[in-house]
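Reading through the structure tokens given below for one structure.
A short reminder: the numbers here are calculations on the coordinates, not readings from a lab. Because the structure is predicted, anything quoted here is derived from the model rather than measured. Cβ sites come from the backbone with ideal geometry, for glycine too, and all protein chains shown count toward neighbours.
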There are 2 protein chains.
Amino acid sequence: MPKRRPQPSSHCPIHFALDIFGDAWSLLVVRDLMFKGKSSYGELLASDERISTNILAERLERLEAHGIIRKDVIHTAAARTRYTLTPKGAELMPMLLEIIAWSARYDAKTAAPRGFARRVRTDRDALVRELTAQLHERET
Amino acid sequence: MPKRRPQPSSHCPIHFALDIFGDAWSLLVVRDLMFKGKSSYGELLASDERISTNILAERLERLEAHGIIRKDVIHTAAARTRYTLTPKGAELMPMLLEIIAWSARYDAKTAAPRGFARRVRTDRDALVRELTAQLHERET
């Protein structure tokens with residue numbers, strides 16, 4: 001059963017969002033589901049940033065309680081659990097693109113794809129559409 | 001003396017940014033400097049979210065070490081310390097606007113100004129210019 005959704009302590013829009021994912025690990029899980037094609041617990045556990053299994057389990061529950069991700073059990077020969085972003089979660093994409101553009105500008109060793117930050121600036125809507133289409137394609 | 005700037009553990013652009021301000025308090029300090037016209041320690045301490053003085057002091061040092069904010073001592077009759085965003089900090093604005101737009105959509109009780117989220121969607125560049133001009137005006 002997902003955790004009870006906690007009530008935010010203020011309705012400032014910045015605070016509302018930070019109350020849900022104002023934690024590096026939560027947003028890295030969203031990143032992996034959004035951009036890295038991951039969907040299983042094992043894949044999410046295997047990130048470069050080395051999330052621990054108890055933190056990952058807690059953040060997945062929390063993101064599910066807040067309606068950012070959905071958890072489905074796929075009944076195949078070997079039943080497996082699949083995590084995907086809900087529409088509410090997928091709509092965090094413009095925010096993540098802004099984070100990428102900012103970091104690409106200020107991190108001399110950025111791993112952001114070349115030209116990506118410029119596309120965020122100059123061709124943002126098309127980029128969001130394209131990445132959203134890729135996301136839906138993977139999920140079906 | 002500002003803290004030594006720590007090295008990020010990966011150059012994933014999402015991780016790079018979260019390593020700096022992937023913490024609710026840091027981003028709430030940026031919010032207060034960016035949108036709420038605050039500049040002194042006392043003003044920053046007096047937020048609705050009730051940041052504690054030791055957390056505030058630590059986050060200010062951290063944000064200064066990362067070049068997000070600048071600390072100036074104003075030599076008037078009563079010397080006072082003023083915190084302002086650097087250009088690197090001010091460039092977090094598009095990301096904060098996306099956070100506001102997302103929260104305004106998903107928080108039924110949002111405190112975001114009416115119509116603000118729509119402006120982020122439809123008139124984003126002009127909105128960033130306008131808010132940036134307001135920010136510079138306050139700082140001079």
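Side notes on the structure shown:
- Amide H contacts of B:R80 (H built 1.01 Å from N, under 5 Å, at least 5 apart or other chain): B:I74
- The HN-Hα couplings worked out from phi for segment A:23-36 by the Karplus form 6.51 cos²θ - 1.76 cosθ + 1.60 (θ = phi - 60°) are 8, 4, 4, 4, 6, 5, 5, 4, 3, 5, 6, 7, 10, 10 Hz, whole numbers, x standing for Gly and Pro.
- Alpha-carbon Rg with Dmax, taken over segment B:92-140, Å: 11.5, 37
- Rounded to the nearest 20 debye, dipole of chain A from Cβ charges on Lys, Arg, Asp, Glu: 100 debye
- When the charge dipole of the protein assembly as shown is built from unit charges on Cβ atoms (+1 for Lys and Arg, -1 for Asp and Glu) and taken about the Cα centre, the candidate among B:P87, B:Q134, A:A111 whose Cα reaches farthest toward its positive end is B:Q134.
- A dipole drawn for segment B:1-85 from +1 and -1 charges on Cβ atoms has a positive end, and of B:H66, B:V30, B:A77 the residue lying farthest that way is B:A77.
- Lysines with Cα under 22 Å of B:K88, excluding same-chain neighbours fewer than 8 positions away: A:K109, B:K3, B:K36, B:K38, B:K71
- For the protein assembly as shown, Kirkwood radius (reciprocal of mean inverse C-alpha pair distance, Å): 19.9 Å
- Ranking of A:H11, A:H75, B:H66 by neighbouring Cβ atoms within 10 Å, starting from the fewest: A:H75, A:H11, B:H66.
- Per-residue Cβ neighbour rank within 10 angstrom, fewest leading, A:I100, A:I74: A:I74, A:I100
- Order of B:V128, B:V30 - criterion: other Cβ atoms within 10 Å of each residue's Cβ, fewest first: B:V128, B:V30
- Within the protein assembly as shown, helix-based [θ] at 222 nm, where runs of 4 or more DSSP H residues each add -39,500 (n - 2.57), nearest 500: -17000 deg cm²/dmol
- Shortest-first nm distances, A:V128 label point to equivalent points in other copies (7 Å, Cα→Cβ): 1.3
- Here is the P(r) of chain A: all C-alpha pair distances, binned every 10 Å from 0, give 10, 38, 37, 13, 2 in whole percents.
- For segment B:68-78, putting each phi into the Karplus relation 6.51 cos²θ - 1.76 cosθ + 1.60 with θ = phi - 60° gives couplings of 8, 10, 10, 10, 10, 9, 8, 8, 10, 3, 9 Hz, in residue order, rounded to whole numbers and with x for Gly and Pro.
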